[in-house]
């Protein structure tokens, strides 16, 4: 049962968001790290509670795309998933209120947007992708709010927005078959995989430009520039080329994971650049 709830909440998926909070707290020069730790925990709770809600909403689609998930496989009941999600959301808001009022408002907005995403926005052309990108970008702003200094976190947040837009579009390509069967409109099902791939590449190009602009605007060190040129740009090129070449949904899903874990290289670049 506990393993089922762990798989339902997928806390590992929150790792990047939690790291983003710590990175933004660092670049913002947090005077105290306790609010930053609390902010990271809030991000974890929001992630696991809305993941459970997403699975609750997507149980029919997951029977096709991911039948091994806790709900379609019967390990966790829909009612248990709903209680788990509600409890996580309430706890996230309580903890956010102890950070400061701005953190509480962001937590309320993030929860509402993610619940609305799973309910209505997921099966829309680009709007759902944009909602997820906004939420992930808010992790940087959230860390800045906890550190009481938002300004240095704005450029990282903009960078993450474009990068996540690219990754989310890639995921619509990976989920194409199940989404099409369930009549879920995404850019891939509405415009085709080729058009989705073009949009993904465009957002990766925008991400690359913003990463470069951050070097000049934030006056990061030369080490930041070297890491994005020799680390991030080759990764984006690899993803773009292989996404265009393959139609395999498993391979597209693996490319999505490559992008996800590639962000940690960029996190390192921001930390070393700001130092």
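Every number in this text was worked out from the coordinates using simple rules, so none of it is lab data. This one's a predicted model, so the numbers in the text were calculated from it and none came from an experiment. Counting neighbours? That spans all protein chains shown, and the Cβs are built from the backbone with ideal geometry, glycine included.
Taking into account only those residues within the stretch 239-255 that are closer than 15 Å to residue 205 by Cα and either touching a residue at least 60 places away in the same chain (Cβ under 8 Å) or part of a loop (DSSP other than H, G, I, E, B) (or both), which is farthest from the chain's Cα centre (by Cα)?
Going through the qualifying residues, I end up with 243.
Search the stretch 65-90 for residues being outside any helix (DSSP H, G or I) and out of contact with any helix residue (DSSP H, G or I) (no Cβ under 6 Å at 6 or more places or on another chain), and hand back the single one that is surrounded by the most Cβ atoms within 10 Å (Cβ to Cβ).
The selected residue is 66.
Here is a list of conditions, (1) touching a helix residue (DSSP H, G or I) at 6+ places or on another chain (Cβ under 8 Å); (2) closer than 20 Å to residue 140 by Cβ; (3) part of a helix (DSSP H, G or I), and residue 258 meets all of them except one; can you say which number that is?
(2)
Please find, among 236, 203, 263, the residue that is within 19 Å of the chain's Cα centre (by Cα), part of a helix (DSSP H, G or I) and closer than 19 Å to residue 127 by Cβ.
Checking each option against the conditions leaves just 203.
Conditions first: (1) in contact with a helix residue (DSSP H, G or I) (Cβ under 7 Å, 6 or more places away or on another chain); (2) assigned to a helix (DSSP H, G or I); (3) within 19 Å of residue 264 (Cβ to Cβ). Residue 229 passes all but one, so which condition is the exception?
Going through the list (1) in contact with a helix residue (DSSP H, G or I) (Cβ under 7 Å, 6 or more places away or on another chain); (2) assigned to a helix (DSSP H, G or I); (3) within 19 Å of residue 264 (Cβ to Cβ), residue 229 breaks only (1).
Could you check the stretch 1-28 and list, in sequence order, the residues that are under 13 Å from residue 147 (Cβ atoms) and outside any helix (DSSP H, G or I)?
28
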